[in-house]
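Presented below is the structure to which this report refers.
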Amino acid sequence: MDFRPHYPPGLRLLSHATDASLAIGGLAILILVFTNVTLRGAAGFDLAWSLEVTAFLLLWTTFLGCAAATARGAHMRVTEIVDSLLSPKRKWRLEHLVNVLIIVLLATLIISGTRIVGHTWQQKTTVLYWPVGLLYASMPVGMALTLVFHMFNSWLTLRGLRPEAEAAS
């Protein structure tokens, strides 16, 4: 159910930038954790700042990963029950109802996440003294990207595009 080939150039660029950020973030996590474990085992000390950076990267890659999965249509869907019980017209209605509910949920997460960022921005982390709000900003940013991809995917579905049908042929 990959909609990305049907994205306009700007949205496709945003998807590729999200993917690149995930790759860089994942590689940075791997390097930081490996280096810290090696230093702890070989030299008997660790890099305290690497734990904070790794925590930041883990949260940001988690929420950006949600957006990347949405762009790919890779979130899990269990459709067997719906396929066996509902007519195509009712499945179509249910799919659009679910899309609207997802949009409402994402908007709620963006609003709540923005409030959390505002409340925690003045707090500082222990080692690097970064704003704690920067850590929590991963949720509204990731959910906003997810919302953009989901709304475009929903619009394509409303227009009758069925990527899974194209993939099967």
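A few notes on this one:
- For the range 45-73, the set of residues classified as of a type in the set (Gly, Ala, Ser), within 23 Å of residue 151 (Cβ to Cβ) and touching a residue at least 40 places away in the same chain (Cβ under 8 Å) consists of 65, 67, 68, 71, 73, listed by residue number.
- When the test is whether a residue is at pLDDT 95 or above and over 25 Å from residue 146 (Cβ atoms), residue 24 does not pass it.
- Any chance residue 102 is more than 22 Å from residue 17 (Cβ to Cβ) and buried (at least 17 other Cβ atoms within 10 Å of the Cβ): yes
- When 118, 113, 142 are screened for being closer than 23 Å to residue 54 by Cα, touching a Pro at 6+ places or on another chain (Cβ under 7 Å) and either of a type in the set (A, V, I, L, M) or at pLDDT 95 or above (or both), only 113 passes.
- Any chance residue 97 is out of contact with any His (no Cβ under 6 Å at 6 or more places or on another chain), free of Cβ contacts under 8 Å to residues at least 60 places away in the same chain and surrounded by 14 or more Cβ atoms within 10 Å (Cβ to Cβ): no
- Within the range 107-126, residues that are touching a residue at least 40 places away in the same chain (Cβ under 8 Å) and part of a helix (DSSP H, G or I) sit with their Cβ atoms under 9 Å from residues that are surrounded by 13 or more Cβ atoms within 10 Å (Cβ to Cβ) and of a type outside the set (Asp, Glu), at 6+ positions apart or across chains, in these pairs: 107/143; 107/147.
- All positions within the range 68-123 that are within 15 Å of residue 158 (Cβ to Cβ) and polar (S, T, N, Q): 99
- Taken over the range 17-59, the residue count meeting the criterion of being under 24 Å from residue 136 (Cβ atoms) and either aromatic (Phe, Trp, Tyr) or outside any helix (DSSP H, G or I) (or both) is 3.
- For residue 78: the one exception among (1) more than 13 Å from the chain's Cα centre (by Cα); (2) assigned to a helix (DSSP H, G or I): (2)
- Filtered by the rule that a residue be surrounded by fewer than 18 Cβ atoms within 10 Å (Cβ to Cβ) and touching a Gly at 6+ places or on another chain (Cβ under 6 Å), the range 105-150 gives 120, 121.
- One residue stands out among those in the range 38-82 that are within 28 Å of residue 125 (Cβ to Cβ) and charged (D, E, K, R): the one that is modelled with the lowest pLDDT, which is 46.
The values are calculated or read from the model by the stated rules, or taken from the named source; none is laboratory data. Not measured: the values here are computed from a predicted model. We place every Cβ from the backbone using ideal geometry, glycine too, and count neighbours over all the protein chains shown.
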